[in-house]
Protein chains: 4
Amino acid sequence: MSYNTFGRLLRMTTFGESHGPAIGALLDGCPPGIPLTEADIQPFLDKRRPGQSRYVTQRREPDKVRILSGVFSDDERPEQVTTGTPIMLMIENTDQRSKDYAEIRDKFRPGHADFTWQAKYGIRDYKGGGRASARETAARVAAGAVARKIVPGITIRGALVQMGERAIERDNWSWEEVDENPFFCPDPEAAKEWAGYLDAIRKKGDSIGAVVEVRATGVPAGLGAPVYGKLDQDIAAALMSIPAVKGVEIGAGFAAAAMTGSEAADEIVMDDGQPRFLKNNAGGILGGISSGQEIIARMVVKPTSSILTPRRTITRHGTETEIVTKGRHDPCVGIRAVPVAEAMLALVLADHVLLHRAQVG
Amino acid sequence: MSYNTFGRLLRMTTFGESHGPAIGALLDGCPPGIPLTEADIQPFLDKRRPGQSRYVTQRREPDKVRILSGVFSDDERPEQVTTGTPIMLMIENTDQRSKDYAEIRDKFRPGHADFTWQAKYGIRDYKGGGRASARETAARVAAGAVARKIVPGITIRGALVQMGERAIERDNWSWEEVDENPFFCPDPEAAKEWAGYLDAIRKKGDSIGAVVEVRATGVPAGLGAPVYGKLDQDIAAALMSIPAVKGVEIGAGFAAAAMTGSEAADEIVMDDGQPRFLKNNAGGILGGISSGQEIIARMVVKPTSSILTPRRTITRHGTETEIVTKGRHDPCVGIRAVPVAEAMLALVLADHVLLHRAQVG
Amino acid sequence: MSYNTFGRLLRMTTFGESHGPAIGALLDGCPPGIPLTEADIQPFLDKRRPGQSRYVTQRREPDKVRILSGVFSDDERPEQVTTGTPIMLMIENTDQRSKDYAEIRDKFRPGHADFTWQAKYGIRDYKGGGRASARETAARVAAGAVARKIVPGITIRGALVQMGERAIERDNWSWEEVDENPFFCPDPEAAKEWAGYLDAIRKKGDSIGAVVEVRATGVPAGLGAPVYGKLDQDIAAALMSIPAVKGVEIGAGFAAAAMTGSEAADEIVMDDGQPRFLKNNAGGILGGISSGQEIIARMVVKPTSSILTPRRTITRHGTETEIVTKGRHDPCVGIRAVPVAEAMLALVLADHVLLHRAQVG
Amino acid sequence: MSYNTFGRLLRMTTFGESHGPAIGALLDGCPPGIPLTEADIQPFLDKRRPGQSRYVTQRREPDKVRILSGVFSDDERPEQVTTGTPIMLMIENTDQRSKDYAEIRDKFRPGHADFTWQAKYGIRDYKGGGRASARETAARVAAGAVARKIVPGITIRGALVQMGERAIERDNWSWEEVDENPFFCPDPEAAKEWAGYLDAIRKKGDSIGAVVEVRATGVPAGLGAPVYGKLDQDIAAALMSIPAVKGVEIGAGFAAAAMTGSEAADEIVMDDGQPRFLKNNAGGILGGISSGQEIIARMVVKPTSSILTPRRTITRHGTETEIVTKGRHDPCVGIRAVPVAEAMLALVLADHVLLHRAQVG
């Protein structure tokens, strides 16, 4: 894991700025012989794509991915498969609005990376947020789609389980519902409620936080490499690297603080010849290694800091001023973070499948 | 970051099993010329050491660290300093009780790593938990003490801010108080209350979860390497790698889910010539890079699963049974996790100081 | 260093196949604020470009590089500079001849990677050699040009010092001469002789081996990280990773086998206030660390195995057969390896400048 | 691969100084379930151990290795095996002569790492060469012995094939002979001749260079990860990291410079159902991947710079002076480099077996 690379054996390096010619992910370490075309990737990008409902930014990008390397087909083998060489996934930028960037150049937007990137590098590509833009996450989603193909027996799904103070009702959970509303909400009642709630926030020019939950089923017991290649450690890193994420938890998570040992410790029984944990408070991971139970992780996404209310800030020359962040923004960036979280979990799991195979065979 | 190595440029590799001859940390990448003796490290180990109050395990280990390499002194330069070569920190194990391990060999303790390590490796050193034992964290604490010496301008402190359902009162926060009670609790009122609370849990043979908070002051703006070497990403990985940790958050953390953008986004003002964020909801990190504000992170530590209540479990041969985990255990493992969390934060920050210097100079 | 990534802190990941849509290098870890445009890179690509004399392959590619990310300019700062984010260098493939690939698909060319890639991956992109093609080295040259900009005080130059059995006369060495002949030969007498020599080989449809020497001046003392980040170790890895290279040596190299200690050990004197080694048999590196003397490395490039003589081989189905490798090939691939060796040395040195700065400041 | 770590998945980190309390290797990534005791390691250390003949340094160290972690046995499974956790191999130093270090402290020995380490770190442990001492290679040999156990089907052997200007006669090669003389020489005639030759050099207080050859049989086709995890690239790095090594070559090596393509390119035939290369000029590696043929590598070891002839040098304060390196030294350090080269090759091959398994299964 270096500056812009994620993963141990399955390594994704992303590149590109929001308003540059292209963004993309270079994925190295993919096993050979896996069927892969752009059609395997595009649906996941389409899920993340902006401009699909009034609840997300109106930036309009087709987000068409091209595979520039690492795959092969010929007359003899017409189905395109991976070759084991690096897979270059490129997405050209098409909707770089030409506009006046003077304000964003000179003033640091509170809650954004403007100040810190300037402090670090002494220069920043401020156009559309440059590399700090959430646009980078499209590259993750593309790479995550490839990761899924590496572990076809594992199902990875995500959902928005809280918007503002409004959490879903867990008894209402329906995976089918997730694709039926613009929030990736698994609870049909909550989804209805959220529509009006978010409309009100959007109309005020404000924004709201959220909690995303991702789950993986079909994960075999044994993935994870203690003590510094733990599966939960890598999931935490993966999710925390997503823009605007301020917390990550596994299984019972922060609720475990209030639990006693007798409540928390999952009893184990045999079920159809397989070990089954009665509660799975551990979220499928014990001692850094998968238990064969469902992997459950959550992350909190802060409200976007791009709001219409004037805020106090400073200029890059250190003088106090005010700023209003206009432009196209998501009133709840947590929504579009759902496919991104899925992609990161897919990358971690595929990586650990390879890592486990390396050491244990 | 490989199996048992943490860090990018400052790399700690730990080794050793709970009941083997020794544990330790091999720290590579330390700059040369830094004064370092065992006396710089021992106080931190003493903080983590078991057997110091009735609230922690009664295992008695002196936990004496020896520096076997990477330092030098001679007549001309009597003060021992680092040389830039690997620093081997070794702690011999002395209190490996000889006891009957048959039960722990045959039955998987619920909530422990027994089942998953067996599933992964097909073999495990079950004596005292082997490598999955929290004893490994002594090595982290030793290495963390060295990390502190690398960044003398940064102050890293931790505290227990919640035990069970009982959180501290933030207005009572006193760093001095942290060393005055056996809980690393910064709130004297809470500390008093926790004493009776934990006694009751301990007497029942039960255990309880907790939340640890770590903070760092004096961190310059600019540390962190987006987008996959983010400072918060590395802190999340560092804390999540600690045994029993099930969640990590930065700044406002999960509370950000319920915030609006106008509440969350920190306004920036100038204060004595320096930028100051009015709220620091970001916990000192924006876009993965430190802002110069205080770094604030929290982690949840689940209750130890070693309790006196009989629990259902299975044997390694897949038959159902019951287990009672006897032996020396912490009723609230979160307490002794405080110096461990500090150590991990110190390692991450020192690593990022070096990483930043590499790229930006 | 993973599968397709080279470097420790300055990390180049290359991608692409010979007859795919594009090849390129993704360079991560470059410091910010370095002036960089495509015009800084193109001259080095032009040096490596095929089709420039009758002594190199007649494949005609413009090899135009595009920088897709990691640089910035605006009205205020019209000079384009690096931003510290990943630099994507893309070169589109334009001369993928449509031809009959049946023979190369079915028969393994002796001396080529055909057999081993098939054995490893079970599939290979055989068109033009796929990823095993020397075309990949164009990406290295592009990245190496960026590396040079990171260490402007260091001058890196290469030359062909032996072709077949004909070595240069060292007393004739002239760096100016290197650009005056189609062989990158520093000895004008040898260059004349080589012209006829190589013509004869080329006309026979045969090929010939060569030795490339690369040198760096202006390298400060102190680069290199013992004991497994040694400067010479990394140079050896860098040069050995170039296609067709079968050996690497530093300074006196293999000639040191026949030396006595009294001949080999460089005496040190003071020269104008600076240490100077009287012989520099060490090639500028002692104990894995640069001495401040000129860095001198050599690599041997085997003759290309693509020759017109029929050779015995086997098919991918394991039956014996014969093959003649037609097509456009270099009679002495060592020639075009010169700019590639320079690029790799530049990458190693820039990497170590950053690595040294990280640890020692 | 970081400062003091070698390997990709099987990672060896060494530590310790020549005259410190101990040296050792921490080996991470070893598969579980491999039988391993100190008795598996000690014979290889004994081969490298000093003091065994008049041709090597008279320093007397028992070089007893202790395994401090990563292995397990119990009543049920009395055979000690690896557990998949880090294996700590420690060798205590016992023969640190107390002597006057003033000269070596103040004057840089020509040909040694003294000057460059001082230039890099501003401090160095000069006692016995500190970490730059060849004593570090004992740790490699210990780790290499473990690596051999990971790949039991691969046989790795080394020999001294040239001493000074005197090369062996290849037709005389006998592996049995290697253990019969104090030079690891495979040619009985050469061994006899070398005895008198080296005696003469030793008596003059001089030293001589050498060439070591290492070979591996039983290596399956398919190991190596192009294009920057090539097997030959890693072998080159591994061997070049050994002290005093100034060059590495694979197969025909530098001799390939003088070959034509028709001479160099190995024809392939079928032999008993397996591909066989008629010449193996490639040394078992094509395109960075093993071909299934014997792996053949050579390295040149310069003569030790510790000789009795006075040499010009400078002090650490930059004044010119003279030095005579007294003490216990090897007249031909190449001899004891043989088991070290074997160990490094074993580490590379075991690492690549794991790496291949990860990606290709």
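The values are calculated or read from the model by the stated rules, or taken from the named source; none is laboratory data. Predicted model, so just to flag it, every value in this text is computed and none were measured. Virtual Cβ from ideal backbone geometry, glycine too; neighbours counted across all protein chains shown. These accessible areas exclude ligands, DNA and RNA; they are computed on the full protein's heavy atoms, side chains included. Shrake-Rupley method; radii C 1.70, N 1.55, O 1.52, S 1.80 Å.
Taken over the range A:1-55, the criterion of being surrounded by fewer than 20 Cβ atoms within 10 Å (Cβ to Cβ) and part of a helix (DSSP H, G or I) is satisfied by A:38, A:39, A:40, A:42, A:43, A:46, A:47. Here residue B:261 fits the description: among the small types (Gly, Ala, Ser), within 7 Å of chain A (Cβ to nearest Cβ) and open to solvent by less than 10 Å² (accessible area, probe 1.4 Å).
Is it the case that residue B:74 is closer than 30 Å to residue B:200 by Cα and either free of Cβ contacts under 8 Å to residues at least 60 places away in the same chain or crowded, with 24+ Cβ neighbours inside 10 Å (or both)? Taking the combined requirement at face value, the residue does not satisfy it. Residue under question is residue C:166, and the condition is that it be among the basic types (Lys, Arg), touching a residue at least 40 places away in the same chain (Cβ under 8 Å) and surrounded by fewer than 19 Cβ atoms within 10 Å (Cβ to Cβ); does it hold? Here the answer is no, as residue C:166 does not meet what is asked. The set of residues in the range D:187-232 being part of a strand (DSSP E or B) and either among the hydrophobic types (A, V, I, L, M, F, W, C) or away from chain C (no Cβ under 14 Å) (or both) consists of D:208, D:210, D:211, D:212, D:214, D:215, D:216, D:217, D:225. Look at residue A:198 and say whether it is of a type outside the set (Ser, Thr, Tyr), over 30 Å from residue B:7 (Cβ atoms), touching a residue at least 40 places away in the same chain (Cβ under 8 Å) and surrounded by 17 or more Cβ atoms within 10 Å (Cβ to Cβ). Spelling it out, residue A:198 is indeed of a type outside the set (Ser, Thr, Tyr), over 30 Å from residue B:7 (Cβ atoms), touching a residue at least 40 places away in the same chain (Cβ under 8 Å) and surrounded by 17 or more Cβ atoms within 10 Å (Cβ to Cβ).
Among the residues in the range B:315-333, are any at the interface with another protein chain (Cβ under 8 Å from one of its Cβ atoms), within 27 Å of residue A:296 (Cα to Cα) and in contact (Cβ under 8 Å) with a residue 12 or more places away in the chain? No, every residue in the range B:315-333 fails to be at the interface with another protein chain (Cβ under 8 Å from one of its Cβ atoms), within 27 Å of residue A:296 (Cα to Cα) and in contact (Cβ under 8 Å) with a residue 12 or more places away in the chain. Which of the residues that make up the range A:141-159 are open to solvent by less than 10 Å² (accessible area, probe 1.4 Å) and touching a Cys at 6+ places or on another chain (Cβ under 9 Å)? Across the range A:141-159, the qualifying residues are A:146, A:147, A:159. Residue A:270 meets the conditions (1) within 7 Å of another protein chain (Cβ to nearest Cβ); (2) assigned to a helix (DSSP H, G or I); (3) open to solvent by 20 Å² or more (accessible area, probe 1.4 Å) in every case but one. The failed one is (2). The set of residues in the range A:173-219 being aromatic (Phe, Trp, Tyr) and under 29 Å from residue A:326 (Cβ atoms) consists of A:183, A:184, A:194, A:197.
Results for (1) more than 26 Å from residue C:260 (Cα to Cα); (2) open to solvent by less than 20 Å² (accessible area, probe 1.4 Å); (3) polar (S, T, N, Q), shown as yes or no for each residue.
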| site | (1), (2), (3) |
| --- | --- |
| D:89 | yes, yes, no |
| D:128 | no, no, no |
| D:139 | yes, yes, no |
| D:161 | no, yes, no |
| D:176 | yes, no, no |
| D:189 | no, no, no |
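Being modelled with pLDDT of 95 or more, within 15 Å of the chain's Cα centre (by Cα) and at the interface with another protein chain (Cβ under 7 Å from one of its Cβ atoms) holds for only one residue in C:340, C:348, C:300, and it is C:300. Filtered by the rule that a residue be within 19 Å of the chain's Cα centre (by Cα) and assigned to a helix (DSSP H, G or I), the range B:233-264 gives B:233, B:234, B:235, B:236, B:237, B:238, B:239, B:240, B:253.
Scanning the range D:127-159 for residues that are of a type in the set (A, V, I, L, M) and under 25 Å from residue D:82 (Cβ atoms) yields D:138, D:139, D:141, D:142, D:143, D:145, D:146, D:147, D:150, D:151, D:154, D:156. Screening the range C:33-68 for residues that are among the hydrophobic types (A, V, I, L, M, F, W, C), touching a residue at least 60 places away in the same chain (Cβ under 8 Å) and in contact with a strand residue (DSSP E or B) (Cβ under 8 Å, 6 or more places away or on another chain) and picking the one that is nearest to residue C:182 (Cα to Cα) gives C:45. Evaluation of residue B:114 against the conditions (1) open to solvent by 20 Å² or more (accessible area, probe 1.4 Å); (2) in contact (Cβ under 8 Å) with a residue 12 or more places away in the chain shows that the sole unmet condition is (1).
Within the range C:258-288, the set of residues being touching a helix residue (DSSP H, G or I) at 6+ places or on another chain (Cβ under 8 Å), without any contact (Cβ under 8 Å) to a residue 40 or more places away in the chain and of a type in the set (A, V, I, L, M, F, W, C) comprises C:264, C:268, C:286.
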